[in-house]
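Asks: Below you will find the structure I want to go over with you.
Derivation of every value follows stated rules applied to the coordinates shown; laboratory data play no part. The shown structure was predicted, so the numbers you read here are calculated from the model rather than taken from an experiment. Every residue, glycine among them, receives a Cβ derived from its backbone with ideal geometry; neighbour counts consider all protein chains shown.
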């Protein structure tokens, strides 16, 4: 297996059987985004499955182009599927995610589960710009075109590994108590509250390894580059046995080697 962080909450997974799946693929980064992502949309083909945790632009914007380019099946909640349908994705390439329903394609299996705390909100920086009436027109159009939706997280079984992906950190113990992941892909944005919440979520999950995402400056001024030190320090105090692997954007690695 090869895992590649695509920036923001995006990942590419290449399985040992030759299948490729994407999670929240967002590659249309501005030129000022840091670090630089050395991968373009056309580099991702072929793709078999695309999984979206929600409908925010930084998770879903590039999905219509990718679905049309690759013919991949897109797995998302019903409102996001409807939005993608309006963006030109064929109905035959859309699969409505039904939480708590196990699914399987070949040796790849997965299950989505919902966050009962409510809808996924805007990015913290978006909320700040809205409060200050400083939202640039082009950013406002982008945010309105891809509003927050019901959020799901995914639990995968790939090549014998249990991998979970979260795009937010506000999950209760009851919602995740059944999970026993080897790897946890967790968001750590530049926000003290988010950083601490990510550490608490990791401590609840008790994975062998945490792979942080969303710590890049993927869309300035809505994002900032995050220092992972606070997250790592807090996690070490709560669950010292859980290791952290900081991925290099656009560089593939074998996650199995992280477990030994």
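Asks: For the chain, modelled as a Gaussian network with Cα springs under 10 Å, which listed residue fluctuates most, 53, 63, 234?
Replies: Answer for the Gaussian network model of the chain: 234.
Asks: Same structure, new question: How much mean residue ellipticity at 222 nm does the chain get from its helices, if each DSSP H run of length 4 or more adds -39500 (n - 2.57) and you divide by all residues, to the nearest 500 deg cm²/dmol?
Replies: -7000 deg cm²/dmol
Asks: On to the next question. Can you tell me what share of the DSSP beta bridges in the chain is antiparallel? A percent to the nearest 5 is fine.
Replies: 60
Asks: Sort the chain into rounded, prolate or oblate with this rule: let a ≥ b ≥ c be the square roots of the eigenvalues of the Cα gyration tensor; rounded if a/c is under 1.5, and if a/c is not under 1.5, prolate when a/b is larger than b/c, oblate otherwise.
Replies: Verdict is rounded for the chain.
Asks: Another question about this same structure. Using Cα pairs under 8 angstrom and six or more residues apart, how large is the relative contact order of the chain, in percent?
Replies: Result for the chain is 21 percent.
Asks: Compare 218, 26, 245 in a GNM of the chain, Cα atoms joined below 10 Å, and give the one with the largest fluctuation.
Replies: Top of the fluctuation ranking is 245.
Asks: With label points built 7 Å along Cα→Cβ from the Cα atoms of residue 28 and residue 144, find their separation and express it in nm.
Replies: My value for the distance between the label points is 1.7 nm.
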